[in-house]
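Undergrad: Please read through the structure below; I'll follow up with questions.
The values are calculated or read from the model by the stated rules, or taken from the named source; none is laboratory data. Everything quoted here is computed from the prediction, not taken from an experiment. We place every Cβ from the backbone using ideal geometry, glycine too, and count neighbours over all the protein chains shown.
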Amino acid sequence: MSDAQALSYLSGFGNEHSSEAVPGALPIGRNSPQRAPLGLYAEQLSGNAFTEPRAHNRRSWLYRIRPSAAHPPFARTGNGSLRSAPFEETVPDPNRLRWDPLPKPPAGTDFVSGLWTLGGNGDVRQRAGIAIHLYAADTSMTDRVFSDSDGELLIVPQSGALLLHTEFGRLRAEPGHMALIPRGVRFSVELPAGPARGYVCENYGRPFVLPDLGPIGANGLANPRDFEAPVAAWQDAEGPVEVVNKYCGNLWAAVYDHSPLDVVAWHGNLVPYRYDLRRFNVIGTISYDHPDPSIFTVLTSPSDTPGLANADFVVFAPRWLVGEDTFRPPYFHRNVMSEYMGLIEGAYDAKAEGFVPGGGSLHNMMSAHGPDRETFDRASAAELAPQRVDNGLAFMFETRWPVTATEQAISGEHLQRGYDEVWQGLERHFS
Ligand SMILES: O=C(O)Cc1cc(O)ccc1O
Ligand SMILES: [Fe+2]
């Protein structure tokens, strides 16, 4: 399948979709007929325990050329620069940390071999917490397929496009989009426009859902109709295909004699999807003070405690901003939640310099942060008038537990030494 073929999408979040690449491939009125249409095999993929409440029950039925069970044994393969929870290579650091972008990958690096773990929390075996990865790749995956049993993958492209060939069909994700691959869904990544890099939140916990809107009402933030799922498209590839599976922190591989991206039709509400972050309906003050950045939540992975997220995915999207007698950029703060921030393009309004596209910062539990000195000085003196904040696109992976960095993240060249200095020179003005 090539990128030249037009892609189409199904609209909605969490709803029941259905799609057949060949008319008649989808059974009608039942999921598992005695003989599925067109000689296909019927198979269910579930994203939660069967018995969870209907509101968060996610499963899909796949009609495929071969059942997923038809595979040879997997064997351990190297983990490369991938790391998993529990993160114990270093200890959680109260310091504010910031990184430059990853160096260029060696030629021949694909999306999977280009995954590089910055840190995380929780425990893959307990299905709790997250890992934060970066990816940098210059090569498409050919005859190579990946699946992650440890969690869903929320992918944030920062440069270069990704064409995600999934069991459910194809999704194109470019800078400004996010894409999500559910736990266990097989996919391969084509780079249709050359090298690509970006960020990944591997969510070990409960799947991301839209946040409740409470008093905001029935609309706003990320609107469900803007989430796009693929239409069915299958690869009829008979021949060796390497399938790599991330399982409880390790990579395993098996060489199949066919592509497991062989789903001809499917229906259900457990699907990969993409979302254009610029469609986010930004809500903020029209009087004074800023709401907390929870107002910018695109998706949330709930924990067992209502309101306490395993992880939130938050976007600082283009918006108009002014408040009466209000300091405009983010305020100084110390939070119990831990924040990893990335930048897709441009600049972020709390940081005058040093926070660059492809880089990132980690402000762990209770660490004191906020505008750098230059931003504080400028914003304290600024004339308060409506201002369009549209010179950048930043995001945050916010999580309930402190993030422990990997060894490679704290020893690497691209860790910025001296980040603390951005808050130096915030002089005493009290009199
Ligand atoms: O740290 C940041 O820049 C993100 C952030 C923004 C904001 O307006 C309030 C709190 C917060 O963590
Ligand atoms: Fe913050």
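Undergrad: Tell me, which residue of segment 339-366 that is of a type outside the set (D, E, K, R) and near ligand 1 (Cβ under 10 Å from one of its atoms) is nearest to W401 (Cα to Cα)? Outline the logic, then answer.
TA: From segment 339-366, those of a type outside the set (D, E, K, R) are 340-344, 346-348, 350, 352, 354-366; that's our starting set.
Keeping just the survivors that are near ligand 1 (Cβ under 10 Å from one of its atoms) gives 341, 348, 350, 355, 361, 363.
Values: M341: 15, Y348: 24, A350: 24, F355: 23, S361: 16, H363: 12 Å.
Looking at the filtered set, the residue picked out is H363.
Undergrad: Now, a different point. What are the pairs, 6+ residues apart or on separate chains, where a residue within segment 85-111 that is over 18 Å from I410 (Cα atoms) has its Cβ under 6 Å from a residue that is not in a loop (DSSP other than H, G, I, E, B)?
TA: What qualifies is P105/A136; T109/A137; D110/A137; F111/Y135; F111/A137; F111/V189.
Undergrad: Let me ask another. Are any residues in segment 17-53 assigned to a loop (DSSP other than H, G, I, E, B) and surrounded by 18 or more Cβ atoms within 10 Å (Cβ to Cβ), and if so, which ones?
TA: Passing the criteria: A25, L26, P27, A36, L40, G47.
Undergrad: So, one more: Spot the failing condition for Y331; the list is (1) within 16 Å of ligand 2 (Cβ to nearest atom); (2) exposed (fewer than 14 other Cβ atoms within 10 Å of the Cβ); (3) closer than 26 Å to V200 by Cα, and only one is missed.
TA: (3) is the only condition that Y331 fails.
Undergrad: Any residue at all in segment 391-399 that is within 29 Å of R278 (Cα to Cα), of a type outside the set (A, V, I, L, M, F, W, C), within 16 Å of ligand 1 (Cβ to nearest atom) and loosely packed, with under 14 Cβ neighbours inside 10 Å?
TA: So the first thing to find is which residues in segment 391-399 are within 29 Å of R278 (Cα to Cα), and the list is 391-399.
The next check asks that each one be of a type outside the set (A, V, I, L, M, F, W, C); those that pass are 391-392, 398-399.
Checking the rest, the ones that are also within 16 Å of ligand 1 (Cβ to nearest atom) come to 391-392, 398-399.
Remaining after also requiring loosely packed, with under 14 Cβ neighbours inside 10 Å: 391.
Yes, some residue in segment 391-399 is within 29 Å of R278 (Cα to Cα), of a type outside the set (A, V, I, L, M, F, W, C), within 16 Å of ligand 1 (Cβ to nearest atom) and loosely packed, with under 14 Cβ neighbours inside 10 Å.
Undergrad: Residues in segment 378-385: is at least one outside the structural domain of C201 (by TED's automatic domain parsing), buried (at least 17 other Cβ atoms within 10 Å of the Cβ), within 16 Å of ligand 2 (Cβ to nearest atom) and outside any helix (DSSP H, G or I)?
TA: Checked against the condition, which is being outside the structural domain of C201 (by TED's automatic domain parsing), buried (at least 17 other Cβ atoms within 10 Å of the Cβ), within 16 Å of ligand 2 (Cβ to nearest atom) and outside any helix (DSSP H, G or I), segment 378-385 yields no hits at all.
Undergrad: I would also like to ask the following. For A368, indicate whether it is assigned by TED's automatic domain parsing to the domain that holds G307, among the aliphatic types (A, V, I, L, M) and within 16 Å of ligand 2 (Cβ to nearest atom). Quick ask: steps written out before the conclusion?
TA: Working: assigned by TED's automatic domain parsing to the domain that holds G307: yes; among the aliphatic types (A, V, I, L, M): yes; within 16 Å of ligand 2 (Cβ to nearest atom): yes.
Answer is yes for this residue.
Undergrad: Considering only residues that are within 15 Å of ligand 1 (Cβ to nearest atom) and either crowded, with 24+ Cβ neighbours inside 10 Å or in a loop (DSSP other than H, G, I, E, B) (or both), which ones fall in segment 403-419? Give the derivation first.
TA: Start the filter on segment 403-419 by keeping residues that are within 15 Å of ligand 1 (Cβ to nearest atom), which leaves 403, 419.
The answer is V403, and nothing else.
Undergrad: How many of the residues making up segment 115-171 are assigned to a loop (DSSP other than H, G, I, E, B) and either touching a helix residue (DSSP H, G or I) at 6+ places or on another chain (Cβ under 7 Å) or not charged (D, E, K, R) (or both)? Step through it out loud before you land on a result.
TA: Filtering segment 115-171 for residues assigned to a loop (DSSP other than H, G, I, E, B) gives 121-122, 127, 129, 138-143, 149-151, 160-161, 167-168.
Remaining after also requiring either touching a helix residue (DSSP H, G or I) at 6+ places or on another chain (Cβ under 7 Å) or not charged (D, E, K, R) (or both): 121-122, 129, 139-142, 149-151, 160-161, 168.
Residues flagged as assigned to a loop (DSSP other than H, G, I, E, B) and either touching a helix residue (DSSP H, G or I) at 6+ places or on another chain (Cβ under 7 Å) or not charged (D, E, K, R) (or both) within segment 115-171 amount to 13.
Undergrad: Being in contact (Cβ under 8 Å) with a residue 40 or more places away in the chain, crowded, with 16+ Cβ neighbours inside 10 Å, within 16 Å of the chain's Cα centre (by Cα) and more than 16 Å from ligand 1 (Cβ to nearest atom) narrows it down to one residue among L299, L261; which is it?
TA: The unique qualifying residue is L299.
Undergrad: Inside segment 334-361, can you point out the residues that are over 18 Å from D420 (Cα atoms), more than 16 Å from the chain's Cα centre (by Cα) and not in a strand (DSSP E or B)?
TA: Within segment 334-361, V336, M337, A347, P357 meet the criteria.
Undergrad: Taking segment 393-404 as the region of interest, how many residues are within 24 Å of Q158 (Cα to Cα) and within 16 Å of ligand 2 (Cβ to nearest atom)? Lay out the reasoning, then the answer.
TA: The initial filter retains those residues of segment 393-404 that are within 24 Å of Q158 (Cα to Cα), namely 393-399, 403-404.
This time we only want the ones that are within 16 Å of ligand 2 (Cβ to nearest atom), so: 394-399, 403.
Residues in segment 393-404 being within 24 Å of Q158 (Cα to Cα) and within 16 Å of ligand 2 (Cβ to nearest atom): 7 in total.
Undergrad: Out of all the residues in segment 190-197, is one or more buried (at least 24 other Cβ atoms within 10 Å of the Cβ) and modelled with pLDDT of 95 or more?
TA: Step one: filter segment 190-197 for residues buried (at least 24 other Cβ atoms within 10 Å of the Cβ), giving 196.
Keeping just the survivors that are modelled with pLDDT of 95 or more gives 196.
Within segment 190-197, one or more residues are buried (at least 24 other Cβ atoms within 10 Å of the Cβ) and modelled with pLDDT of 95 or more.
Undergrad: Please go through (1) farther than 15 Å from G119 by Cβ; (2) modelled with pLDDT of 95 or more; (3) in a loop (DSSP other than H, G, I, E, B) for P330 and return the number of the only condition it doesn't satisfy.
TA: (2)
Undergrad: Then there is this: Just for segment 311-327: of the residues that are touching a Pro at 6+ places or on another chain (Cβ under 7 Å) and either in a strand (DSSP E or B) or of a type in the set (S, T, Y) (or both), which one is farthest from ligand 2 (Cβ to nearest atom)?
TA: First pass over segment 311-327, keeping only residues touching a Pro at 6+ places or on another chain (Cβ under 7 Å): 314, 320, 322.
Those left that are additionally either in a strand (DSSP E or B) or of a type in the set (S, T, Y) (or both): 314, 320.
Values: V314: 10, W320: 22 Å.
Among residues in segment 311-327 that are touching a Pro at 6+ places or on another chain (Cβ under 7 Å) and either in a strand (DSSP E or B) or of a type in the set (S, T, Y) (or both), the one farthest from ligand 2 (Cβ to nearest atom) is W320.
Okay, residues lined up against (1) at pLDDT below 95; (2) buried (at least 20 other Cβ atoms within 10 Å of the Cβ); (3) in a loop (DSSP other than H, G, I, E, B); (4) of a type in the set (D, E):
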{"position": "W234", "(1), (2), (3), (4)": "no, yes, yes, no"}
{"position": "V244", "(1), (2), (3), (4)": "no, yes, no, no"}
{"position": "V255", "(1), (2), (3), (4)": "no, no, no, no"}
{"position": "W266", "(1), (2), (3), (4)": "no, yes, no, no"}
{"position": "L270", "(1), (2), (3), (4)": "no, yes, yes, no"}
{"position": "I283", "(1), (2), (3), (4)": "no, no, yes, no"}
{"position": "Y288", "(1), (2), (3), (4)": "no, no, yes, no"}
{"position": "S294", "(1), (2), (3), (4)": "no, no, no, no"}
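Undergrad: Mind telling me which of the residues A173, A137, A161, A131 ends up being among the small types (G, A, S) and over 16 Å from the mean Cα position of the chain (by Cα)? Can you show your working first?
TA: On the way: A173 fails: over 16 Å from the mean Cα position of the chain (by Cα); A161 fails: over 16 Å from the mean Cα position of the chain (by Cα); A131 fails: over 16 Å from the mean Cα position of the chain (by Cα).
After ruling out the rest, the residue left standing is A137.
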